[in-house]
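Comments concern the structure below.
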Amino acid sequence: MSTQTFLLLMYAAEGDWAAADEATRAEYYRQHGEYDERAAEFGVTFLAGEALQSVTTAVTLRRAGEDAEITDGPFAETAEQLGGFYLVTAPDRESVLKHALLLPEYTIEVREIMQM
């Protein structure tokens with residue numbers, strides 16, 4: 001059976017995490033653990049996954065030909081920030097989406113990796 005590779009980008013308001021109590025944080029960790037433990041049920045294999053530091057640590061590089069502009073911060077002002085990612089393989093996108101329902105209430109962007 002062939003597999004495809006997908007990137008799951010998880011977005012949330014950083015202020016929500018900073019304001020969360022220990023019980024809320026523990027529940028998020030529990031849900032990530034369940035997501036990890038149940039991957040095989042969905043035909044999902046993890047390649048990588050990480051939580052990201054605050055957007056205050058971000059730097060954005062924009063190139064236009066030979067010129068480059070480097071600015072502090074993320075590339076856009078939004079209500080939600082990219083907080084982490086998972087890189088997985090799975091038989092199809094539907095398997096990835098069903099498995100992603102185990103994660104906490106993030107906005108999750110699922111993108112297939114281009115085969116080159």
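Taking GluC sites (Glu not before Pro) that fall in a DSSP loop and have at most 14 other Cβ atoms within 10 Å as cut points, what is the longest piece of the chain between them? The longest uninterrupted stretch comes out as 1-65.
The chymotrypsin sites (Phe, Trp or Tyr not before Pro) of segment 13-113 meeting both criteria, a DSSP state outside H, G, I, E and B (loop) and at most 13 other C-beta atoms within 10 angstrom of the site's C-beta, are Phe75. Less than 5 angstrom separates the built amide H of Ala58 from those of Gly73, all sequence-distant by 5 or more or on a different chain. Taking P(r) over Cα pairs in 10 Å bins from 0, in percent straight from the coordinates, which label in (1) 14, 53, 30, 3; (2) 15, 49, 28, 7, 0; (3) 12, 38, 31, 16, 3 is the correct one? Only one option fits the structure, namely (3).
This model, with +1 at the C-beta of Lys and Arg and -1 at the C-beta of Asp and Glu, gives the chain a dipole about its Cα centre of some 360 debye.
If you run the Gaussian network model on the chain, springs between alpha carbon atoms under 10 Å, then out of Ala100, Ala26, Ala13 the most flexible one is Ala26.
Every number here is computed from the coordinates shown, using simple stated rules; none is lab data. Just so it is clear, the structure is predicted and the values come from calculations on it, not from any experiment. Cβ: placed from backbone, ideal geometry, glycine included. Neighbour counts: every protein chain shown.
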